[in-house]
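One structure is given here, and the rest of the page talks about it.
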Amino acid sequence: MKNGNKVMKITKGVIRTEEGIQDIPAYVTKCSSSLMHFLEEGSTVTIKAMGNRAIANTMKTIARAGKLLETENKVLEISTPVFILEKIADTDSELAVFNINVSVR
């Protein structure tokens with residue numbers, strides 16, 4: 001039974017602190033766990049990312065999830081990635097956002 005489409009935002013994996021900007025430890029691993037959870041629910045997941053590092057983290061997350069699914073004899077289905085213009089809240093501006101759909105077959 002499919003649970004519909006989930007949306008997951010993947011960022012560049014950093015946080016701002018008083019000392020400056022720091023990487024979030026094991027960010028891709030955490031994203032992969034979240035993606036696997038959604039996929040286990042039978043959902044199609046739309047992953048959104050902005051910026052080179054966020055897109056790289058998205059691809060690493062998908063690759064990691066694909067490896068995990070291989071051990072369960074499942075196949076990860078990935079759509080062709082596209083950039084979609086999305087409106088920024090409370091402004092007239094738009095940004096190009098990387099979108100890719102992922103599901104399990």
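The values are calculated or read from the model by the stated rules, or taken from the named source; none is laboratory data. From a predicted model like this one, the values you see are computed outputs, not experimental measurements. Cβ: placed from backbone, ideal geometry, glycine included. Neighbour counts: every protein chain shown. With ligands, DNA and RNA removed, areas are computed over all heavy atoms of the protein, side chains included. Shrake-Rupley method; radii C 1.70, N 1.55, O 1.52, S 1.80 Å.
Brief remarks follow.
- Here S103 qualifies as open to solvent by less than 30 Å² (accessible area, probe 1.4 Å), under 19 Å from G4 (Cα atoms) and small (G, A, S).
- Residue within the range 25-44 that is at positive phi and not acidic (D, E) present: yes
- Residue in the range 78-94 that is nearest to T61 (Cα to Cα), counting only those that are part of a strand (DSSP E or B) and open to solvent by 100 Å² or more (accessible area, probe 1.4 Å): F83
- Out of I21, I10, I62, sole residue that is loosely packed, with under 14 Cβ neighbours inside 10 Å and of a type in the set (A, V, I, L, M, F, W, C): I21
- Filtered residue count, the range 24-33, keeping only those that are out of contact with any Ser or Thr (no Cβ under 7 Å at 6 or more places or on another chain) and surrounded by 13 or more Cβ atoms within 10 Å (Cβ to Cβ): 4
- Flag: R16 does not match the condition of being part of a helix (DSSP H, G or I), out of contact with any Lys or Arg (no Cβ under 8 Å at 6 or more places or on another chain) and open to solvent by 50 Å² or more (accessible area, probe 1.4 Å).
- Filter pass, L35 being of a type outside the set (K, R), over 15 Å from the mean Cα position of the chain (by Cα) and part of a helix (DSSP H, G or I): no
- Matching residues in the range 65-77 - criterion: being outside any loop (DSSP other than H, G, I, E, B) and either surrounded by 14 or more Cβ atoms within 10 Å (Cβ to Cβ) or among the hydrophobic types (A, V, I, L, M, F, W, C) (or both): A65, G66, L68, L69, L76
- Of all residues making up the range 47-59, the number that are in a helix (DSSP H, G or I) and either open to solvent by 90 Å² or more (accessible area, probe 1.4 Å) or not aliphatic (A, V, I, L, M) (or both): 4
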